[in-house]
Amino acid sequence: TALGTNIMLMGVTTVAVGWLVFRALQLALPKRLSVVPAAAGLAAFVSVPVAALAFVLLYAVGGTADIPIDSLATAMVGVHLLIGVGEGVITFLAVGAIVAVRPDLVYGARRVLARRELEIKPRVVA
């Protein structure tokens, strides 16, 4: 049961929350390519403590140990905020590197790229 719970919390909850935060940021922020890595990093940061809170809710429903829910929530969110910082930084750097080289590979950049005009630079042969 722990494997299924971890898959749902880490694989489904974080992806869903990350995508929703990313889309909300895309709607609120200017439509520039440079915003995509920052929005992805912030979405990754937010998704980790939200998944920790989801675990606390699951624990409140079926936990058998006598641990106060507020103490568990404080401990889980505190630790996962630090993990979220690392997750956000790694995501920002990875998405930023990919956007710098091949922005067409980043799904979240497609809305920005759709508004751009095709620019063909002449090739200089020496």
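The values are calculated or read from the model by the stated rules, or taken from the named source; none is laboratory data. Because the structure is predicted, anything quoted here is derived from the model rather than measured. Using ideal geometry, Cβ is built from the backbone for each residue, glycine included, and neighbour counts are taken over all protein chains shown. Ligands, DNA and RNA are stripped out before the accessible areas are found, and what is left, the full protein with its side chains, is counted by its heavy atoms. Shrake-Rupley method; radii C 1.70, N 1.55, O 1.52, S 1.80 Å.
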Q. Who wins for biggest fluctuation among Gly84, Gly63, Gly96 in a Gaussian network model of the chain, springs between alpha carbons below 10 Å?
A. Gly63
Q.
Quick check: with the 1.4 Å probe, what order do Thr64, Thr74 take by accessible area, largest first?
A. Thr64, Thr74
Q: Using the Karplus curve 6.51 cos²θ - 1.76 cosθ + 1.60 with θ = phi - 60°, work out ³J(HN,Hα) for each residue of the range 8-20 in order, rounded to whole Hz, and write x for Gly and Pro.
A: 5, 6, 8, x, 9, 4, 5, 5, 5, 5, x, 5, 5
Q) Solvent-accessible area per residue for the chain at a 1.4 Å probe radius, Å²? A) 69
Q: Determine the gain in length on full extension of the stretch Lys121-Asn6; use 0.36 nm per residue of separation and subtract their C-alpha separation, reporting nm with one decimal.
A: 36.5 nm
Q | For the range 76-84, Karplus couplings with θ = phi - 60° (6.51, -1.76, 1.60), whole Hz, Gly/Pro x | A | 5, 5, x, 5, 6, 5, 5, 5, x
Q: Assign unit charges at the C-beta atoms only (+1 for Lys and Arg, -1 for Asp and Glu), then state the dipole size of the chain relative to its Cα centre in Debye, rounded to the nearest 20.
A: 880
